[in-house]
Amino acid sequence: MRKRFLCNKTKNICKVLKKSVGELMADRKKKLSAALAAVSLYLQQEEAMALEQQASLSETKGAVYSPWAQSGSQEMMAMRKLIQIRAFTRF
């Protein structure tokens, strides 16, 4: 009689454990799918934002070539170089 009671009790515990393990796996799958969906949504938003930025950059026009602008830039670079090598002391 004692063995039968232990055996039945063990079977009941096994049924409960199997059920709880199954529920845990289902919860784990739900959590995993929710996390993957969130990451996927985040990546889609990042991609959309990058495409939007590229579109806005392509709409703006670049600087037009101007010999005066190039000359001014070269002069500024030359002055900075002279200052860096300390050719001028008044700056």
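The values are calculated or read from the model by the stated rules, or taken from the named source; none is laboratory data. Note that this is a predicted model, so its numbers are computed, not measured. Glycine gets a Cβ as well: all are built from the backbone with ideal geometry, and neighbour counts include every protein chain shown.
Test Ser40 against the criterion of being at pLDDT below 75, among the hydroxyl-bearing types (Ser, Thr, Tyr) and either surrounded by 10 or more Cβ atoms within 10 Å (Cβ to Cβ) or assigned to a helix (DSSP H, G or I) (or both), and give yes or no. For Ser40, the condition - at pLDDT below 75, among the hydroxyl-bearing types (Ser, Thr, Tyr) and either surrounded by 10 or more Cβ atoms within 10 Å (Cβ to Cβ) or assigned to a helix (DSSP H, G or I) (or both) - is not met. Applying the condition of being hydrophobic (A, V, I, L, M, F, W, C) and surrounded by 10 or more Cβ atoms within 10 Å (Cβ to Cβ) to segment 59-76 and asking which residue is modelled with the highest pLDDT yields Met76. Of the numbered conditions (1) modelled with pLDDT of 90 or more; (2) aliphatic (A, V, I, L, M); (3) not in a helix (DSSP H, G or I), Ala87 fails exactly one; give the number of that condition. Unmet for Ala87, out of (1) modelled with pLDDT of 90 or more; (2) aliphatic (A, V, I, L, M); (3) not in a helix (DSSP H, G or I): (1).
On inspection, Ala35 qualifies as among the hydrophobic types (A, V, I, L, M, F, W, C), modelled with pLDDT of 85 or more and assigned to a helix (DSSP H, G or I).
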